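Some notes on the structure that comes next.
The values are calculated or read from the model by the stated rules, or taken from the named source; none is laboratory data. Computed from a predicted model, the values in this text were never measured in an experiment. Quick reminder, even Gly has a Cβ in these numbers, built from the backbone with ideal geometry, and neighbours come from all protein chains shown.
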Amino acid sequence: MKILVCIKQVPDMESRFRVNSAGTWYEEQDLAFRLNEYDEYAIEQAVRVKEGLGGAADITVLSIGPDRAVEAIKKGLAMGGDRGVHIKADQPHQMDAWQIASLIAAFARDKNFDLIFTGLQSQDRGSGQVGGMVAELLGFACVTTVVGFELNGAVAAIRREMEGGLRGVVRLALPLVVTCQLGLNTPRYPTLPNIMKAKQKELLTFQAADFPVGDSLVQTEKMYPPEKKGRGLVLEGDVNELADKLAAILKEKAPALR
Amino acid sequence: MKALLIAEYRQGKLLESTYELLAFAERLGAEKAFFFIGAEAEAPHFDGKVYFAEAAKYGEYNPDLHKRLVLEAVQKESPDYIVFLHSSYGWDLAPRLAAALKIAQVSEIVGITADGFEVPACNAKMRRLLKPVTAQAVLTIQSGAFSYQGEPGGTPSLVPVELADSASRIEFIGYEAAEKKEVDLARAEVIVSAGRGVGKKENVEIVAALARALGGELGATRPVVDAGWADHSRQVGSSGQTVAPKLYVACGISGSIQHIAGMKKSDFIVAINKDKDAPIGEVANVLVVADLLQFIPALLARLSK
Ligand SMILES: Cc1cc2nc3c(=O)[nH]c(=O)nc-3n(C[C@H](O)[C@H](O)[C@H](O)COP(=O)(O)OP(=O)(O)OC[C@H]3O[C@@H](n4cnc5c(N)ncnc54)[C@H](O)[C@@H]3O)c2cc1C
Ligand SMILES: Nc1ncnc2c1ncn2[C@@H]1O[C@H](COP(=O)(O)O)[C@@H](O)[C@H]1O
């Protein structure tokens, strides 16, 4: 069983974002980067499939990004990936989802993967496009928003989430692209011995230019913070004073306190 | 300019949210046609063309067949925009369609300007303005961003679409309802919800204590539920409960689009967050910028007096 997991490094979402000088993306300096939350579930699921097969699977963890992306790949390897693939691109945000998907598909095309796991969406771009596009480009079937995954031979039984907590159950044969939703599993923390082992694992490096893809189909005009409209009262300062103020407000608003 | 609007149908019913597509197309000033896979009696109320296929034949969820059916309609209609809701149906099909046609896709549109489509980024802390480069484009719109005013009406003229070969790789087994409920949040007058900002399971109790002090119920965000810190029935948001209490207190909650979708209709919203820029501030009547672990105990001391 050959498995590909696509992962992306994104900034910590609790950061304060500033717009870059081009006005089209956030300024990366001073931001702490981490593995896209949704992609942790993707790695974990791949490792669980491998464990379910008694180890008879090979997991490639791929990321397109600048040098820092290697850290995300190493985390994937420490969680149980077998090999890292880093496709170097210094300004990946200048590529649209179509180009990212085309790069992934160009890498994957002749490698006979049986299963490809991606996250449902990346937290910074949040487009939720790459997984579905990779599937289309490779001619694979695809199931998105997956919260349950079971493999029986070459057939997967999948639960996908819909609005209001409703789920749909589907069955289909490999090869397959699966986009992973929060709560699909409980991603493991890499242990220290596994972090050490990950350092010895194979890491292949390519340049984005090694895989010619066409022009982008979407152009970014600008990035900006949302307009602060209808914003209510903002209370800041000493905790005790804040507590006095809010207690007074709540005594008016909570029926039980009246 | 022409827009092909992709209706949504589930468990035998047209979804009401389908009409948000009409509101969006009106904002665009586009000529409108619908695409609908369902039962004829459920077709959108609309005076115009509705490309139609039977769900009985093609299933309610079958991205393989539905993609090919949309492609049929696109060929007949030649729309400039193919518009979906940004929903589990829309975000599933849209990228496949865009890649098949090799045209631009813009996801989760919340606004339209002269320079392009506005979409959220960075967990709703930022916005991007995007413009398709290709002549045609696939769009998904955020649910609730374009609301349809009034009663939909009209008589659709159905244009059947068919596939010669309806073999598919995907087998739909059925639906599973949400899990059983520990609590019915919809009845609560006051809801005090815990987000990931509580840090660990034990701290959920601090938020629960505030809920009790205010005579309300404990709610939670999805990561808190996924981590097993609160029961699923307490989850507020697009994949949990939609609530509209008199008072909603959000503790350590960033204010993601999916969470806000479930609580924005609350009468009065208080947010307690250490990050002044957290998007929950966009809907809160009062934002208290503080560490909840220090602030809530101080507040409780005052409420008990
Ligand atoms: C299809 C789909 C459906 C979804 N459905 C839902 C849903 O129904 N409900 C839902 O909630 N989410 C849902 N989500 C997930 C959603 O996108 C967010 O990931 C989630 O809402 C974030 O939860 P949070 O605010 O608790 O955590 P975070 O986004 O991690 O925010 C934590 C917040 O706590 C603050 N904080 C940290 N420490 C402290 C402290 N000591 N004191 C005060 N503040 C602190 C931080 O500043 C931050 O703002 C869905 C996602 C998808 C893709
Ligand atoms: N630069 C990247 N490198 C590898 N995988 C990516 C990259 N960008 C996105 N992906 C994958 O595609 C998913 C959806 O991303 P997006 O379409 O940007 O929301 C992510 O969760 C990743 O699994």
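Please determine, by comparing only the residues of the range A:72-86 that are touching a Ser or Thr at 6+ places or on another chain (Cβ under 6 Å) and not aliphatic (A, V, I, L, M), which one is nearest to A:ALA56 (Cα to Cα).
A:ARG83
Tally the residues that are over 15 Å from A:ARG48 (Cα atoms) and within 8 Å of chain B (Cβ to nearest Cβ), restricting the search to the range A:149-183.
16
Consider the range B:181-207. How many of its residues are surrounded by fewer than 18 Cβ atoms within 10 Å (Cβ to Cβ) and either of a type in the set (Phe, Trp, Tyr) or away from chain A (no Cβ under 11 Å) (or both)?
The number of residues fulfilling the criteria is 10.
Yes/no per residue for (1) among the hydrophobic types (A, V, I, L, M, F, W, C); (2) touching a Lys or Arg at 6+ places or on another chain (Cβ under 8 Å):
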position	(1), (2)
B:PRO120	no, yes
B:ASN123	no, no
B:GLU162	no, no
B:LEU185	yes, yes
B:VAL192	yes, no
B:VAL204	yes, no
B:ALA208	yes, no
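Does B:GLY240 satisfy being at the interface with chain A (Cβ under 10 Å from one of its Cβ atoms) and under 21 Å from the mean Cα position of the chain (by Cα)?
On the way: at the interface with chain A (Cβ under 10 Å from one of its Cβ atoms): yes; under 21 Å from the mean Cα position of the chain (by Cα): yes.
The answer is yes for B:GLY240.
For the range A:71-115, what are the residues that are aliphatic (A, V, I, L, M), within 14 Å of chain B (Cβ to nearest Cβ) and either within 24 Å of A:PRO11 (Cα to Cα) or within 16 Å of ligand 1 (Cβ to nearest atom) (or both)?
A:MET95, A:ALA97, A:ILE100, A:ALA101, A:LEU103, A:ILE104
Quick one: in the range B:268-280, of everything that is more than 6 Å from ligand 1 (Cβ to nearest atom) and in a loop (DSSP other than H, G, I, E, B), which residue is surrounded by the most Cβ atoms within 10 Å (Cβ to Cβ)?
B:ASP277
What tally of residues in the range A:29-50 results from selecting those that are among the acidic types (Asp, Glu), closer than 25 Å to A:LEU203 by Cα and free of Cβ contacts under 8 Å to residues at least 24 places away in the same chain?
The total comes to 0.
Just wondering, is there one or more residues in the range A:71-86 that are touching a helix residue (DSSP H, G or I) at 6+ places or on another chain (Cβ under 8 Å), near ligand 2 (Cβ under 8 Å from one of its atoms) and at pLDDT 95 or above?
Within the range A:71-86, none of the residues are touching a helix residue (DSSP H, G or I) at 6+ places or on another chain (Cβ under 8 Å), near ligand 2 (Cβ under 8 Å from one of its atoms) and at pLDDT 95 or above.
Determine the pairs where a residue that is in the same structural domain as B:ILE191 (by TED's automatic domain parsing), located within the range B:265-282, has a partner that is of a type in the set (Ser, Thr, Tyr) with Cβ atoms under 6 Å apart, the partner being 6 or more residues away or on another chain.
Taking only residues 6 or more apart or on different chains, the pairs are B:SER266/B:TYR248; B:ILE269/B:TYR248; B:ALA278/B:SER254.
Looking at this structure, is A:LEU257 in contact (Cβ under 8 Å) with a residue 60 or more places away in the chain and either at the interface with chain B (Cβ under 7 Å from one of its Cβ atoms) or over 30 Å from A:ILE43 (Cα atoms) (or both)?
Judged against the criteria, A:LEU257 is not a match.
Residue-wise test of (1) more than 20 Å from the chain's Cα centre (by Cα); (2) of a type in the set (Val, Ile, Thr); (3) not assigned by TED's automatic domain parsing to the domain that holds B:ALA100.
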site	(1), (2), (3)
B:TYR9	no, no, no
B:PHE24	no, no, no
B:LYS32	yes, no, no
B:GLU40	yes, no, no
B:VAL50	yes, yes, no
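Where in the range B:168-267 are the strands (runs of 3 or more DSSP E), entirely inside, with at least 3 residues that are within 28 Å of A:ALA247 (Cβ to Cβ) and touching a helix residue (DSSP H, G or I) at 6+ places or on another chain (Cβ under 9 Å)? Spell out the reasoning first.
Values: elements: B:170-176, B:190-194, B:217-220, B:247-251.
Because the criterion is at least 3 residues that are within 28 Å of A:ALA247 (Cβ to Cβ) and touching a helix residue (DSSP H, G or I) at 6+ places or on another chain (Cβ under 9 Å), the strands (runs of 3 or more DSSP E) in the range B:168-267 that meet it are B:190-194, B:217-220, B:247-251.
Any residue at all in the range A:186-205 that is at the interface with another protein chain (Cβ under 7 Å from one of its Cβ atoms) and not aliphatic (A, V, I, L, M)? Talk me through it step by step, then tell me what you get.
Filtering the range A:186-205 for residues at the interface with another protein chain (Cβ under 7 Å from one of its Cβ atoms) gives none.
Checked against the condition, which is being at the interface with another protein chain (Cβ under 7 Å from one of its Cβ atoms) and not aliphatic (A, V, I, L, M), the range A:186-205 yields no hits at all.
Yes/no matrix, rows are residues, columns are (1) crowded, with 20+ Cβ neighbours inside 10 Å; (2) over 17 Å from the mean Cα position of the chain (by Cα); (3) within 14 Å of ligand 2 (Cβ to nearest atom):
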site: A:GLY126; (1), (2), (3): yes, no, yes
site: A:GLN129; (1), (2), (3): yes, no, yes
site: A:MET133; (1), (2), (3): yes, no, yes
site: A:GLU136; (1), (2), (3): yes, yes, yes
site: A:GLY139; (1), (2), (3): no, yes, no
site: A:CYS142; (1), (2), (3): yes, no, yes
site: A:ASN152; (1), (2), (3): no, yes, no
site: A:ARG159; (1), (2), (3): no, yes, no
site: A:GLY165; (1), (2), (3): no, yes, no
